[in-house]
1. State which residue is farthest from the other protein chains (Cβ to nearest Cβ) when the search covers only the range A:117-144 and only residues that are within 14 Å of A:His57 (Cα to Cα) and touching a residue at least 40 places away in the same chain (Cβ under 8 Å).
2. What are the residues in the range B:43-61 that are among the aromatic types (Phe, Trp, Tyr) and within 15 Å of DNA strand C (Cβ to nearest atom), if any?
3. Can you tell me how many residues within the range B:164-174 are more than 7 Å from chain A (Cβ to nearest Cβ) and in contact with a helix residue (DSSP H, G or I) (Cβ under 9 Å, 6 or more places away or on another chain)?
4. If I go through the range B:1-36 residue by residue, how many of them are in contact with a helix residue (DSSP H, G or I) (Cβ under 6 Å, 6 or more places away or on another chain), in a loop (DSSP other than H, G, I, E, B) and farther than 23 Å from A:Arg104 by Cβ?
5. A:Gln182 - would you say it is under 21 Å from B:Ala118 (Cβ atoms) and of a type in the set (S, T, N, Q)?
6. Here are some residues: A:Ile150, A:Ile179, A:Ile156. Which one is on the phi < 0 side of the Ramachandran plot, without any contact (Cβ under 8 Å) to a residue 40 or more places away in the chain and among the β-branched types (Val, Ile, Thr)?
7. State which residue is nearest to the other protein chains (Cβ to nearest Cβ) when the search covers only the range A:43-57 and only residues that are surrounded by fewer than 17 Cβ atoms within 10 Å (Cβ to Cβ) and away from DNA strand D (no atom under 11 Å from the Cβ).
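The values are calculated or read from the model by the stated rules, or taken from the named source; none is laboratory data. The structure presented is a predicted model; accordingly, all values stated were derived computationally and were not measured. Heads up, the Cβs are rebuilt from the backbone with ideal geometry, glycines too, and the neighbour counts pull from every protein chain shown.
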There are 2 protein chains.
Amino acid sequence: MSVDSKEYILQTAVTLFSKQGFAAVSMRGLANSVGMSVAAVYHHFPNKQALYLEAVHFAFAKQASAFDEVWQAQLTADEKLSRFVHCLAQVLTTDVDFRRLMQRELLDADDERMQLLAKEVFQEQFSHLMAVIEQMGESRQIHFSALSVIALVCDIIQMQPLSRHLPGWRAEHEEVDFIAGQVLNLLMNGIKSKGCQ
Amino acid sequence: MSVDSKEYILQTAVTLFSKQGFAAVSMRGLANSVGMSVAAVYHHFPNKQALYLEAVHFAFAKQASAFDEVWQAQLTADEKLSRFVHCLAQVLTTDVDFRRLMQRELLDADDERMQLLAKEVFQEQFSHLMAVIEQMGESRQIHFSALSVIALVCDIIQMQPLSRHLPGWRAEHEEVDFIAGQVLNLLMNGIKSKGCQ
DNA sequence: CTGACATTACCTAACGTTCGTTTAGTAAAA
DNA sequence: TTTTACTAAACGAACGTTAGGTAATGTCAG
């Protein structure tokens with residue numbers, strides 16, 4: 001079987017779609033990028049839409065195992081949260097294609113694809129995260145708190161190219177460990193980091 | 001002058017670009033949406049790129065005055081922060097086109113347009129926000145804390161269509177006042193809302 | 001106030017290019 | 001001999017953009 005060619009096309013498609021978005025990627029451009037003819041791409045995928053959906057699946061599946069070591073039973077809740085935030089910041093910083101494709105899906109996906117995104121990418125980690133937050137003492141707004149953790153990390157990384165042009169920016173603000181540390185500090189103590197603790 | 005037609009085209013363009021993105025919007029589709037011919041659109045704008053940039057300007061300029069009442073001198077720092085978070089959540093929830101266009105710019109804009117976005121939309125509010133955070137006692141990571149406030153509100157709203165499919169979701173999670181209240185609680189006290197206070 | 005003229009705000013119709021997709025064929029592997 | 005993995009060439013549709021024309025709306029000397 002030609003699983004090599006197909007995977008190579010998918011990998012290239014993920015990069016192109018994440019950089020340019022669905023509409024801006026042409027089948028000719030993709031075929032050119034993988035060094036094949038257009039018809040060769042159509043040999044592996046029935047049409048552009050199906051290719052895109054499979055590319056999204058492909059990109060998301062790769063991240064499924066990234067969080068496996070985070071939720072180990074013998075850790076304290078605080079440690080689990082810390083590991084999760086570090087891991088999330090690491091993944092979103094390292095795999096730029098994945099992050100951008102996810103952002104684009106948040107903008108463009110219909111409800112059915114949104115459900116896929118929830119189930120395939122978020123649901124498992126989200127449930128773990130909610131359990132940890134419950135252990136930490138929060139009892140009422142567990143869903144919202146878990147969402148806040150993810151949202152905070154995601155958007156801080158997503159806003160990096162913008163925040164570079166805002167007053168007070170320093171290079172270290174874009175280092176994974178710095179981001180994770182600051183986010184954790186905020187989550188544990190709030191903004192007034194001194195008056196609390 | 002035909003400022004009416006031009007503004008109407010811009011307004012329609014903002015909606016279309018925010019919903020579909022630059023590449024997916026055609027000049028014919030836009031012309032059809034405003035009930036004009038293609039050439040009529042080209043009478044007002046030299047080309048698609050220039051029309052898009054002007055539409056982005058147009059959408060951003062409308063939001064400039066939304067925060068005017070937030071930073072009044074006689075308020076305490078806590079009150080100013082509270083008002084800002086409420087106002088930001090309100091704007092991002094109400095003006096969907098603005099929010100989506102901003103998200104798309106974060107994905108697609110080059111460094112020059114990112115600078116424009118920083119200067120035209122964020123810089124003024126960001127400076128005010130940093131000043132407030134400094135007043136509240138945070139002294140070291142003012143830039144990062146201010147960024148966190150904005151990122152938290154933005155991404156929670158942006159992830160709404162996804163979070164609907166995650167466990168624990170309730171309808172009230174999408175109400176502006178609820179979002180602002182929860183975000184403020186998190187910012188002031190961290191996740192462990194009881195152990196701190 | 002009026003007639004001549006210019007400008008504005010649009011129109012229809014077309015330009016060449018690029019798009020997604022298909023058809024027909026080939027060379028190698030099973 | 002059938003199936004697999006491809007290629008070259010073409011299909012009609014849609015794309016951004018332009019050319020050329022037509023009413024309506026100023027503008028202003030006489």
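1. A:Glu120
2. Keep residues of the range B:43-61 that are among the aromatic types (Phe, Trp, Tyr), which gives B:45, B:52, B:58, B:60.
Hit for the range B:43-61 is B:Phe45, nothing else.
3. Keep residues of the range B:164-174 that are more than 7 Å from chain A (Cβ to nearest Cβ), which gives B:164, B:170-172, B:174.
Still in the running and in contact with a helix residue (DSSP H, G or I) (Cβ under 9 Å, 6 or more places away or on another chain): B:164, B:170, B:172, B:174.
Residues flagged as more than 7 Å from chain A (Cβ to nearest Cβ) and in contact with a helix residue (DSSP H, G or I) (Cβ under 9 Å, 6 or more places away or on another chain) within the range B:164-174 amount to 4.
4. 0
5. Numbers: under 21 Å from B:Ala118 (Cβ atoms): yes; of a type in the set (S, T, N, Q): yes.
Spelling it out, A:Gln182 is indeed under 21 Å from B:Ala118 (Cβ atoms) and of a type in the set (S, T, N, Q).
6. Details: A:Ile150 fails: without any contact (Cβ under 8 Å) to a residue 40 or more places away in the chain; A:Ile179 fails: without any contact (Cβ under 8 Å) to a residue 40 or more places away in the chain.
The unique qualifying residue is A:Ile156.
7. A:Gln49
Condition check ((1) within 24 Å of the chain's Cα centre (by Cα); (2) modelled with pLDDT under 95) across all residues:
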{"position": "A:Val34", "(1), (2)": "no, no"}
{"position": "A:Val38", "(1), (2)": "no, no"}
{"position": "A:Val41", "(1), (2)": "no, no"}
{"position": "A:His44", "(1), (2)": "no, no"}
{"position": "A:Asn47", "(1), (2)": "no, no"}
{"position": "A:Leu53", "(1), (2)": "yes, no"}
{"position": "A:His57", "(1), (2)": "yes, no"}
{"position": "A:Lys62", "(1), (2)": "yes, yes"}
{"position": "A:Gln72", "(1), (2)": "yes, yes"}
